[in-house]
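Chemist: Below is one structure. I have some questions about it.
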Amino acid sequence: MDSQLLLDALSPDSMVVKPGTRVKLKDFDPDFTGSLKKKQAKALLQQGVEELARYQDMLYAQNTYALLVIFQAMDAAGKDSTIKHVMSGINPQGCQVYSFKQPSAEELDHDYLWRSFKALPERGNIGIFNRSHYEEVLVVRVRPDLLAQQQLPASTRGDHIWQQRFEEINNFEKYLVNNGIVVMKFFLNVSKEEQKNRFLDRIDRPEKNWKFSLADVKERGRWEAYMAAYEDALTHTSTDWAPWHVIPADNKWFMRLTVASFIKAKLKSLNLAYPELEENHLERLKEARILLESEE
C-alpha cells in the first residue's frame, strides 16, 4: 500500500486542522482507527519505517531541507514511544531529539523562543521536539505561576499576551519554512479515561514507576483548562505553512502508523534526490575501481 492509499485509509482530512477554523477537540475521536486492524497496522508501520530511512538518507545527502517534527500532548499520550517506533530505522547521525523540560535559569533570562532556536535541526537533518515552544501557550497559560517566573515587563503580561504569542510563533515557523526547514506539528489526542489507565499501568509496573509522579495527577486535575488552552492554540497556530495534525492516541499502534504516514508523505512531496555527480567525479570513480580491482 503506497503513501497516498494508506493516508486515504487513515482518513487524514479529519486529522488536519484547516487554517482559520475554530477547533473543538470533542469533534476529534481519540479512539479512531479507521478501517485498519492492529496486525495490518504493524506490518504497514515496519514498511513505513523502512521507507522513512530511505527518504532520510536522501534528505541528508541532498542537504537542502531540514525537517522539524513537533510533538505536543498530555502526559501518557505516547510521545516517547511514538518517536521510538517511528524513527527506529533512522540513522542517528541525521536525527536529533530535543526534550523541552522546565526552563533553566539561563533560559528564563532569554526570550521564550531562544531555546527553540538553539535546538533547530541542521540542513539535511530531522529534528524532533518532544514538547516545544508551544509549552509557552499551554502549560504557562494554565499555570500563571510559571508566567510570573519569566520576569517580563508588567506591560506585556495582560490577557493580550496569548494572542501576541500565537502571532510570534506563526511568524517564527514561517521564517523556518522560508529558510528550508519544513515544520510538521502533531497533537497526540489521548482521552482522559485512557490517560487514567496508562497512569495506573505505570503505578502497577515497577519498570514504569520512574515515569510517574504525584504531580502528574495534580496536572490531570487541570484537564479542562488544558483542553481549552489546546483548542485555542490549535485554532490560532494551524497555518498553511505549518498546519496542526490531531492524531487519535488511544490506540498506540494506530497513532504510530498515522504519524509515520504523514511524515513519509511530507518527505516524498519534497522530491528528494541524491546529488548528481559531475563528469570528472564519475571519471575518478572509474579510476578508483581500476585501482581497487588491480590490487593483488
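The values are calculated or read from the model by the stated rules, or taken from the named source; none is laboratory data. No experiment lies behind these values; they were computed from the predicted model shown. Counting neighbours? That spans all protein chains shown, and the Cβs are built from the backbone with ideal geometry, glycine included. Surface areas here come from the heavy atoms of the whole protein model, side chains and all, with no ligands, DNA or RNA. Shrake-Rupley method; radii C 1.70, N 1.55, O 1.52, S 1.80 Å.
Chemist: Just how much of K24 is accessible, in Å², when a 1.4 Å probe is used and the result is rounded to the nearest 10?
Modeler: Using a 1.4 Å probe on the heavy atoms, I get roughly 90 Å².
Chemist: Can you tell me the orientation of helix 161-178 relative to the chain, as the angle in degrees between its alpha-carbon axis and the longest Cα principal axis, to the nearest 10?
Modeler: The helix 161-178 is inclined about 0 degrees to the chain.
Chemist: Could you give the accessible area per residue of region 112-154, probe 1.4 Å, as a whole number in Å²?
Modeler: Per-residue accessible area for region 112-154 comes out at 40 Å².
Chemist: Given a cut-off of under 8 Å on Cα pairs at least six residues apart, what relative contact order in percent is computed for the chain?
Modeler: Relative contact order comes out at 35 percent.
Chemist: Where does the charge balance sit around Q195 when Lys and Arg score +1, Asp and Glu -1, over other residues with C-beta under 11 Å from its C-beta?
Modeler: -2
Chemist: Computed over the Cα atoms of region 72-127, what is the convex hull's projected area averaged over all directions, in nm²?
Modeler: The orientation-averaged projected area of the Cα hull of region 72-127 comes to 4.8 nm².
Chemist: Using a Gaussian network model on the chain with a 10 Å cutoff between Cα atoms, which of E207, E283, E50 fluctuates the most?
Modeler: Residue with maximal mean-square fluctuation among E207, E283, E50: E283.
Chemist: Averaged per residue, what accessible area in Å² does region 245-296 show with a 1.4 Å probe, protein chains only?
Modeler: 63
Chemist: Work the Kirkwood hydrodynamic radius out for region 124-167: mean of 1/r over every pair of different alpha-carbon atoms, inverted, in Å.
Modeler: One over the average 1/r among Cα pairs gives 11.9 Å for region 124-167.
Chemist: If you don't mind, there's one more thing I want to ask. If we count every other residue with Cβ under 11 angstrom of A228's Cβ, Lys/Arg +1 and Asp/Glu -1, where does the sum land?
Modeler: Charge balance near A228 sits at 0.
Chemist: Please report the antiparallel percentage of the DSSP beta bridges confined to the chain, to the nearest 5.
Modeler: The answer is about 5 percent antiparallel.
Chemist: Let me ask another. Using only helices, what value at 222 nm comes out for the chain when you add -39,500 (n - 2.57) per DSSP H run of length 4 or more and divide by the total residues, to the nearest 500 deg cm²/dmol?
Modeler: So the calculated ellipticity at 222 nm is -15000 deg cm²/dmol.
Chemist: Turning to a different aspect of this structure: List the lysines whose Cα lies under 21 Å from the Cα of K185, skipping any in the same chain that are fewer than 8 positions away.
Modeler: Result set, ordered by chain and number: K18, K24, K26, K79, K84, K101, K118, K174, K252, K264, K266, K268.
Chemist: Still on this model: Leaving out ligands and nucleic acids, and using a 1.4 Å probe, what accessible area per residue does region 35-90 come to in Å²?
Modeler: With all protein chains present, region 35-90 gives 44 Å² per residue.
Chemist: How large a share of the accessible area of the chain, in percent, is made up of carbon and sulfur atoms when the probe is 1.4 Å and the other protein chains stay in place?
Modeler: That fraction is 51 percent.
Chemist: Report the semi-axes of the equivalent ellipsoid for region 130-228 in whole Å, largest first, where each axis is √(5λ) for an eigenvalue λ of the Cα gyration tensor.
Modeler: Semi-axes, largest first: 30, 20, 12 Å.
Chemist: Just to be sure I understand the curve: with the Debye formula and one point per C-alpha of region 46-174, what is log10 I(q)/I(0) at q = 0.10, 0.11 Å⁻¹?
Modeler: Debye curve over Cα of region 46-174, log10 I(q)/I(0) at q = 0.10, 0.11 Å⁻¹: -0.39, -0.47.
Chemist: Let me ask you something else. Between L44, L267, L282, which gets the highest mean-square fluctuation from a Gaussian network model of the chain, Cα cutoff 10 Å?
Modeler: Highest fluctuation of the listed residues: L282.
Chemist: Hull surface divided by four, with the convex hull built on the Cα atoms of region 206-274: how many nm²?
Modeler: Mean projected area of the Cα convex hull: 7.9 nm².
Chemist: Additional query: Using the Karplus equation 6.51 cos²θ - 1.76 cosθ + 1.60 (θ = phi - 60°), what ³J(HN,Hα) coupling, rounded to whole Hz, does each residue of region 153-159 give in order, writing x for Gly and Pro?
Modeler: x, 4, 5, 9, 9, x, 4
Chemist: Take peptides 115-126, 72-83, 249-260, 93-104 and line them up by average Cβ neighbours within 10 Å, highest first, as a rough protection proxy.
Modeler: In decreasing order of mean packing, 115-126, 72-83, 249-260, 93-104 become 249-260, 72-83, 115-126, 93-104.
Chemist: Shifting gears a bit: What are the ³J(HN,Hα) values, in whole Hz, obtained from phi via the Karplus relation 6.51 cos²θ - 1.76 cosθ + 1.60 with θ = phi - 60°, for each residue of region 220-226 in sequence order, with x given for Gly and Pro?
Modeler: Running phi through 6.51 cos²θ - 1.76 cosθ + 1.60 with θ = phi - 60° gives 4, x, 9, 3, 4, 5, 5 Hz.
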